[in-house]
Amino acid sequence: MARLLVISSDAKDFHFVQAAVIGESHYVSHTASGLQGVKLAQETMPDIVFISDRAEDLDGLSLCEYLRQNLQLPSLLVLLQEEHSSETRVAGYKAGADDIVAKPMNLTEMHLRLRALMRRVPHAETQQDRVSVGCLTLDRTACMVYVKNRAIQLTPSEFNLLNHLMSSPGRIFSSEDLLRDVWNYYPGTGDPAIVRMQVMKLRHKIEQDPSNPNFLQTVYRHGYRLVGALDS
């Protein structure tokens, strides 16, 4: 799993990067502030930093140059630029960028670019297209889950939650864990009701009896876990 940081005052940039890594358990964080981005980069040492020309406090080139030269981070730096002339690209590479992405961005292209960048991150292995736990099979490319032979389409939120749980079957995740790792909330800021609602929705899709779940189980006072139920 890789850690990605998006520094942009345009929330669309963050959501776009999130969409580009859907189906893979990479952690994506976001800040609108360039100064806060510098602090987060120092504290979390992300594998890839996306720097927009719409970042607050600092312009994208200055921020990229500062991260590369002053902090000397091992991170890959990717500039997101609305103006994409040869001059701006040259300036971006001179500032220390490893890659430059022109906006508006194409989702398929961004997904492929990210996969190429991930190959340069030693521990960020790309996940398999399918993962199975018992008689549950998750298709990460189509955002679908198969319960035995029944195909069920998932919403992005349902998919992200199930994908995270299926990546560590049997492990107990607290609501705080899931809010942080699935919804990217900072610790103590998310509402556990978000988790409860998505768990309820998932159970209605994958469980034969949602009130007595076999797969997505509640562990009293601890959280939730995903197990492979025996075929009945």
Is it the case that Val133 is of a type in the set (Val, Ile, Thr), buried (at least 17 other Cβ atoms within 10 Å of the Cβ) and touching a Pro at 6+ places or on another chain (Cβ under 9 Å)? yes
Among the residues of segment 58-98, write down those that are hydroxyl-bearing (Ser, Thr, Tyr) and over 21 Å from the mean Cα position of the chain (by Cα). Ser62, Tyr66, Ser85, Ser86, Thr88, Tyr93
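Being of a type outside the set (Ser, Thr, Tyr) and more than 29 Å from Leu165 (Cβ to Cβ) is true for just one of Val28, Val38, Val49. Which residue is that?
Checking each option against the conditions leaves just Val38.
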Just for segment 1-23: of the residues that are more than 15 Å from Leu117 (Cβ to Cβ) and touching a strand residue (DSSP E or B) at 6+ places or on another chain (Cβ under 8 Å), which one is surrounded by the fewest Cβ atoms within 10 Å (Cβ to Cβ)? Ala11
Determine whether Gln36 is modelled with pLDDT under 85 and outside any strand (DSSP E or B). no
Can you spot a residue in segment 43-58 that is modelled with pLDDT of 85 or more, of a type in the set (S, T, N, Q) and surrounded by 16 or more Cβ atoms within 10 Å (Cβ to Cβ)? yes
Quick one: which residue in Phe50, Phe14 is in a helix (DSSP H, G or I), closer than 30 Å to Leu178 by Cα and either over 20 Å from the mean Cα position of the chain (by Cα) or of a type in the set (Phe, Trp, Tyr) (or both)? Phe14
Identify the residue in segment 99-124 that is crowded, with 16+ Cβ neighbours inside 10 Å and among the basic types (Lys, Arg) and, among all such residues, is farthest from the chain's Cα centre (by Cα). Lys103
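Would you mention how many residues in segment 129-144 are assigned to a loop (DSSP other than H, G, I, E, B) and touching a helix residue (DSSP H, G or I) at 6+ places or on another chain (Cβ under 8 Å)?
2
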Taking the condition assigned by TED's automatic domain parsing to the domain that holds Gly34 and either β-branched (Val, Ile, Thr) or over 20 Å from His15 (Cα atoms) (or both), does Ala102 pass? no
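The values are calculated or read from the model by the stated rules, or taken from the named source; none is laboratory data. Since this is a predicted model, take the numbers as computed values, not measurements. Quick reminder, even Gly has a Cβ in these numbers, built from the backbone with ideal geometry, and neighbours come from all protein chains shown.
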